Amino acid sequence: MENGSYQIYEGKVIIRVRDRICEKQEELITSNLFRVILKQYISELAQKKSKLLKIFKHEAVTEQDINLLIETLQLLVKLPGKYVPSVVEGSEKFFENPALFNDFIEKFYNHWRRLHRLIIVDSREADRYDKRPYRTFNSTVETLMHLIRSTYRDIQENITGKYPRIYRQVSAGAEVAAIALPKKIDYPELYEKLNQISVITQALIYPPMIFNSPMNKRKGMFEQVCQNPIENVIINPQEWLCYPAKVGPLLIMVYFNVRFFELGFSLCNLFELADESELRTHKPDAVFLYGVPDTVLPSPGNSETIFYDDVENDLLAATIPCRDEFAYFGYLKKMILTLHNIIMMKRGFMPFHGALVNMTLRDAGEFNVLLIGDSGAGKSESLEALRVMARDEVEDIVIVADDMGSLKISPDGSVLGYGTEIGAFVRLDDLQPGYALGQIDRAIIMNANQVNARVVLPVTRFEDVMYGFPVDFVLYANNYEAVDEDHPTIDRFSTPEEALNVFREGAVMSKGTTTTTGLTHSYFANIFGPPQYREVHEELVKNYFAAMFKKDVFVGQMRTCLGISGMELDGPQLAASELLSLLKNYRK
């Protein structure tokens, strides 16, 4: 592994390589990284006063002991254990209790696999490993995985003299890999320093990726500031990577600190990765640095999650600090979508916080349904319940937007809907039982044992996100009111003003997705751009709701009951049943 460099953070290891990674067992065992991980493991055992350290025959493990163990392991990949002491003087102590020694190796292997592991292949214009990504990943990630697994098995077999009868082909190399290279992005002078950071051109992940982030909720709003935070940023290229995200029609350059690499690479399941031609021809619409040192931030107001509207350069710039309290995927995703919403409003589009689907029902036709509401309102849950319930009646369901999107008034007055993401970031608790397990081969699962456990899944194609579907139904997802005679599951508003009153109020019963509790209100159920640009947004929504009513779009609200105790599953199912009945009997 001496071909490149490595960085170790708490629970994470990042390996940077160029043309190749170690290919021989001896090369692996004698590498600096192997020694560092071994010492880390022994230190952990010492803190626990583990019995496994008895293989050394004394309490304090010295550098000499570690050298002896490494020399012993070098031979154990080639020779049965009974022959090693005759070659390596002093190694006989490791074999006095073969079962204990074997257990030590097993736990060492597990210690390595518990680390979050990333390989970055640093490409350059001269070699262009991104032009042959399969070969590059095969010669690095796949090679390392097979090498580590075979080394582990050979050592155990030579210690015990036995062969396993069941082999489990776990991912023992890297969980994530990327080919990245510096690119000359067309930036204004202030932003040119960002070109020191390598841009991801291809990524490889081994799902399911399962990890716990330090935080499992997001709090507060993103604050607009008067000073560009990029001015004070000092770039160390080794600490950053860039994910060039296609967010709807926009190109947002997302720079993430490698300390948060598991969160940064989760973007692979959420946003399409821009290709070389798009980076060459599309000027970035926004830049976002996730994980900047506190020292570079301008004096904040009420928030440290900030953005700046660089009107002069027609660019938005955002930063979030490198602290555990912000180490939650919701911060990464929602800042990106905030930047999208602001830019789209300035271009005359109306952003929405909601789910938009194109649905074709047998014998009823095609419908485009938009559910608007805050996090935990039951948008995705109700549509998923509808998908399961109507599987024999639905010819096709296309997800256009799962969380955020925008509307545009076409020349003929129709209101067209667009999405932003190719994936979904959804609560495990609110999915149909077994759904996440059925998709586990593509899933990234976060904080599975905690409140607000989440999964990131790819759910649609970028072509469908960008198609522009004429909207037929716009429903506010009401999760806090029970259904009764005076409050039907779905009711239709009679005027734009009546509709706007409900949408503006943005009421939702909190579901634990943020730090808020109880019944809360947010302007248009969307704190991600509209409140910061309220005057612009107000003009837009008046025009758009007038256009909807003029085109006889069904504008109303749907009571999902997701925020009512005991109705978390039944509520969305009842709402889905009522929506299905409405669609089947609706005539455009």
Practice prompt. Please compute the net charge surrounding Pro488, taking Lys and Arg as +1 and Asp and Glu as -1 over other residues with Cβ under 11 Å from its Cβ.
Written response: -4
Worksheet item: Where Rh denotes the Kirkwood radius from the mean inverse Cα pair distance, what is Rg over Rh for the chain?
Response: 1.04
Fill in: Projected label distance in nm at Val311 and Ser581, using a 7 Å step from Cα toward the beta-carbon
5.3 nm
Discussion item. If you count only protein heavy atoms and use a 1.4 Å probe, how large is the accessible surface of Leu279, to the nearest 10 Å²?
Written reply: 20 Å²
Discussion item. Can you say what percent of the DSSP beta bridges in the chain, counting only those with both residues inside, are antiparallel? Round to 5.
Written reply: 65 percent
Worksheet item: In terms of solvent-accessible area of protein heavy atoms at a 1.4 angstrom probe, what is the ranking of Val483, Val225, highest value first?
Response: Val483, Val225
Fill in: segment 4-174, accessible surface, carbon-and-sulfur percent (1.4 angstrom probe)
50 percent
Worksheet item: In terms of Cα to Cα distance under 25 Å, which lysines are near enough to Lys379, apart from those fewer than 8 places away along the same chain?
Response: Lys217, Lys219, Lys246, Lys333, Lys334, Lys408, Lys511, Lys542, Lys551, Lys584, Lys588
Discussion item. Taking amide H atoms as placed 1.01 Å from N in the peptide plane, list the residues 5 or more away in sequence, or in a different chain, whose amide H sits under 5 Å from that of Met215.
Written reply: Ala327
Worksheet item: Cα to Cα, under 27 Å, and not fewer than 8 places away if on the same chain: which lysines meet these conditions relative to Lys93?
Response: Lys24, Lys39, Lys48, Lys49, Lys51, Lys54, Lys57, Lys78, Lys82, Lys107, Lys162
Worksheet, complete the sentence: Taking 0.36 nm per residue of separation between Arg362 and Lys39 and subtracting their Cα-Cα distance, the length gained on full extension comes to 109.9 nm
Fill in: Solvent-accessible ranking of Glu381, Glu312, Glu71, largest area first, probe 1.4 Å
Glu312, Glu71, Glu381
Response to the item:
Given backbone amide H placed at 1.01 Å from N, residues whose amide H is under 5 Å from that of Val474, ignoring those fewer than 5 places away on the same chain, are Leu370, Phe554, Val555, Gly556
Item to complete: Report ³J(HN,Hα) in whole Hz for each residue of segment 462-467, in order, from the Karplus equation J = 6.51 cos²θ - 1.76 cosθ + 1.60 where θ = phi - 60°; Gly and Pro get x.
Response: 5, 4, 6, 4, 9, 5
Item to complete: Please determine, in degrees from 0 to 90 and to the nearest 10, the orientation of helix 534-550 with respect to the longest principal axis defined by the Cα atoms of the chain, where the helix direction is its Cα long axis.
Response: 60 degrees
Worksheet item: In degrees from 0 to 90, rounded to the nearest 10, what is the angle of the helix 143-160 Cα long axis to the longest principal axis of the chain?
Response: 50 degrees
Discussion item. Just to confirm, what accessible area per residue do you get for the chain at 1.4 Å probe, in whole Å²?
Written reply: 42 Å²
Item to complete: Provide the solvent-accessible area of His282, counting protein heavy atoms only and rolling a 1.4 Å probe, rounded to the nearest 10 Å².
Response: 60 Å²
Worksheet item: Each residue of segment 405-422 in turn: what ³J(HN,Hα) in whole Hz from Karplus with 6.51, -1.76, 1.60 and θ = phi - 60°, glycine and Pro shown as x?
Response: x, 8, 10, 9, 8, 7, x, 8, x, 5, 9, 9, x, 10, x, 10, 10, 8
Discussion item. For Val292, what residues show an amide H to amide H distance below 5 Å, using hydrogens built from the backbone and excluding near sequence neighbours?
Written reply: Ile320, Cys322
Worksheet item: On a 0 to 90 degree scale, rounded to 10, what angle separates helix 379-389 from the longest Cα axis of the chain?
Response: 90 degrees
Discussion item. Suppose we keep just the DSSP beta bridges with both residues in segment 4-174; what percent of those would be antiparallel, to 5?
Written reply: 45 percent
Worksheet item: Convex hull volume of the Cα atoms in segment 184-343, per residue, in Å³?
Response: 110 Å³
Practice prompt. Quickly work out the Phe549-to-Glu23 label distance, labels modelled 7 Å from Cα along the C-beta direction, and quote it in nm with one decimal.
Written response: 7.2 nm
Response to the item:
Checking rank on 46-55, 7-16, with mean other Cβ inside 10 Å and highest first, the result is 7-16, 46-55
Item to complete: Tabulate in residue order the Karplus-calculated ³J(HN,Hα) for segment 217-230, using 6.51 cos²θ - 1.76 cosθ + 1.60 with θ = phi - 60°, rounded to whole Hz; enter x for Gly and Pro.
Response: 9, 10, 9, x, 10, 8, 9, 7, 10, 9, 10, 5, x, 5
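Using a 1.4 angstrom probe on the protein heavy atoms only, could you order Val258, Val170, Val398 from most to least accessible area?
Heavy-atom accessible area, descending, gives Val170, Val398, Val258.
The values are calculated or read from the model by the stated rules, or taken from the named source; none is laboratory data. Just so it is clear, the model here is predicted, and its values are computed rather than measured. As a convention, Cβ positions derive from the backbone with ideal geometry for all residues, glycine included, and neighbour counts pool all protein chains shown. Each accessible area value is taken on the protein alone, full model and side chains, heavy atoms only, with ligands, DNA and RNA left out. Shrake-Rupley method; radii C 1.70, N 1.55, O 1.52, S 1.80 Å.
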